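To start, the structure under review is shown below, and the notes come after it.
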Amino acid sequence: MLMLNPNMNSLTYRDGPRTGDPSKNFRTESEKCIAGSALNLVASDTYWRLALPYGEDRDHPWCNPLVKLEELKVLMMPMLVCISEMDILKDRNLEFCDALESVGKRVEYEVFKGVGHAFQILSKSQVSKIRVVQMMDCVKSFMDL
């Protein structure tokens, strides 16, 4: 997921609200169904286990910003969220957008068809190249608001 704040001169990359011990949390449909993704569940869970403080799980705010949604409401400016259709994190990214909208934050999102996690850097396919151009157009339009 790429989150963009139009009032800052930087991009913030997040892996989305995913983490920790899968036995303690549910799996979304996109996590269960997408085969061949550049990011798989085993790798994602491992990355979060290595990144989070010892003993923490998916409910830690580093990986699940929804646990501190009220704080996000105060801090965050309008946001563009770029989501890959074939990313295992797609459902969590959409849930994040819905939650922000529910507390009155202005959120725009775009789902890029036919590409997976980090397609901007991990794939050299023709579809990925087209989606990168489309994503940059979305970013430019959003920044012009």
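Looking at the stretch 51-71, which of its residues are under 16 Å from Leu94 (Cα atoms) and in contact (Cβ under 8 Å) with a residue 12 or more places away in the chain?
Cys63, Asn64, Pro65, Leu66, Leu69
Which condition from (1) closer than 18 Å to Ser30 by Cα; (2) in contact with a Cys (Cβ under 8 Å, 6 or more places away or on another chain) is the one that Leu80 breaks?
Every condition holds for Leu80 apart from (1).
Would you mention how many residues in the stretch 107-145 are over 15 Å from Ile83 (Cβ atoms) and either in contact (Cβ under 8 Å) with a residue 24 or more places away in the chain or of a type in the set (Phe, Trp, Tyr) (or both)?
4
Here, each number is a calculation from the coordinates, and none is a lab measurement. None of these values were measured; they are calculated from a predicted model. When we count neighbours, we look across all protein chains shown, and the Cβ atoms used for this are built from the backbone with ideal geometry, even at glycine.
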